[in-house]
Amino acid sequence: MTIELRPIADEDIEAYFRLMNDESVAIMAGTVPHPVTLEWARDRIVTRRKQEEEGRLAQRGLYRDGVLVGDVAYFFRDGDIEIGYAIGKAHRGQGLATIAARLGVELVRDHGLVGPIHAGYAQDNPASGRVLEKAGFIHTGDGMGTSLGRGGDMPLFKTVYRDDVRLRPHKAEDFAVLYDFVDDEALYLAGGGVRDDSADAMQARIEDDVAKGALFSVIQYEGAIAGYVAAFRREDKWEVSYWLGPDYRGKGLAERALSAWLMDAPIFKGGLYARVAKDHLASIRVLEKCEFERVGEDSYHSPYRDTEVEEWIYQSTYDRSNQL
């Protein structure tokens, strides 16, 4: 089974009409009357395409094996990002609503939007509440909306999705932000690291490393760039490192990001290692919580401390049985 989001094409407007011309959809939505016409469905798709060009919302069809089974959208309400979704009656009870909500979150983040993501659902629709809970939304209170399908007010429960950590490949524009994250305090604690002359120099260095086989992932927190995780070879051993911007430290993000990265990381021949200054207690805790085990020690001269720095060497025990 293949499930994907994609723009609703002209040839799918009749299928979209059949999806929306359903009272059970209309009474749970805000802007869908009942009944609707084929012309209404066509106008709605055309209008939403224009609104997306204007940056006001985005709508996608939810397709299963090429068949339109629902829709997903995000929009802005009182300055907040909000998602909505609908699943055709014939396709309910199959977990598609939960998938739709999760893909709605991904759509928001893929479009570069930053901040918490909101969703509301009718108080007489507890199934939608369970869907949002499964997708990671938490209840925040009550509210009141308007439903064209009901012809009036619709009492709502409000939910929010926040504190999400996501990893993605880097983009050229990321380095203007990442470069500013390399601050004196963190360099001192780390006892090392590279301070490039400019964001362009940082980009050139990292992309050269990636071309030679290094791994580099940007960390996002609530859609904002928060830091990076990287793995590279040193003396024929793979080592992992991570960095967070000043505003994102001390929140447990390093542990969450590194754990997520390890889950999808390849198997490293000979194992995966990390180095940390012995007095960098926060980073030691991150490594140990992420199943790294202390296996040795070393020292080096730190230009940021102008002295010799003692460091611990750690090895990942994550999936060690598969390490060659």
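The values are calculated or read from the model by the stated rules, or taken from the named source; none is laboratory data. Keep in mind the model is a prediction, meaning the values are calculated, not measured. In this analysis, Cβ positions are derived from the backbone assuming ideal geometry, glycine residues included, and neighbour counts consider all displayed protein chains. When the accessible area is computed, the model is the full protein with side chains, heavy atoms only, and any ligands, DNA or RNA have been set aside. Shrake-Rupley method; radii C 1.70, N 1.55, O 1.52, S 1.80 Å.
Report the residue count in region 83-108 for those that are open to solvent by 10 Å² or more (accessible area, probe 1.4 Å) and in a helix (DSSP H, G or I). Selection size over region 83-108: 10. What pairs come up if the first residue lies in region 193-212 and is within 17 Å of Pro169 (Cβ to Cβ), the second is open to solvent by less than 50 Å² (accessible area, probe 1.4 Å) and part of a helix (DSSP H, G or I), and their beta carbons are under 9 Å apart, counting only those six or more places apart or on different chains? As it stands, the answer is Met202/Phe175; Met202/Leu178; Gln203/Asp174; Gln203/Phe175; Gln203/Leu178; Ile206/Phe175; Ile206/Leu178, since those pairs meet every condition given. Residues in region 124-137: is at least one assigned to a strand (DSSP E or B) and either open to solvent by 30 Å² or more (accessible area, probe 1.4 Å) or farther than 20 Å from Ile81 by Cα (or both)? Scanning region 124-137, I find no residue that is assigned to a strand (DSSP E or B) and either open to solvent by 30 Å² or more (accessible area, probe 1.4 Å) or farther than 20 Å from Ile81 by Cα (or both), so the answer is no. Here is the figure for region 24-68: residues that are closer than 23 Å to Gly143 by Cα and in a helix (DSSP H, G or I) total 3. Taking the conditions exactly as written (at pLDDT below 95 and either in contact with a strand residue (DSSP E or B) (Cβ under 7 Å, 6 or more places away or on another chain) or not in a loop (DSSP other than H, G, I, E, B) (or both)), does Ala186 satisfy them or not? Yes; evaluated as a whole, the condition is true for this residue. Residues in region 264-284 that are touching a residue at least 24 places away in the same chain (Cβ under 8 Å) and in a helix (DSSP H, G or I): Asp264, Ala282, Ser283, Ile284. Every condition in (1) open to solvent by less than 20 Å² (accessible area, probe 1.4 Å); (2) farther than 24 Å from Ile8 by Cα is met by Met144 except one, and the failing one is (1).
Residues in region 187-208 that are within 25 Å of the chain's Cα centre (by Cα) and crowded, with 16+ Cβ neighbours inside 10 Å: Ala199, Met202, Gln203, Ile206. If the condition is being of a type in the set (Gly, Ala, Ser), closer than 23 Å to Thr146 by Cα and without any contact (Cβ under 8 Å) to a residue 60 or more places away in the chain, then region 30-62 contributes Ala41, Ala58.
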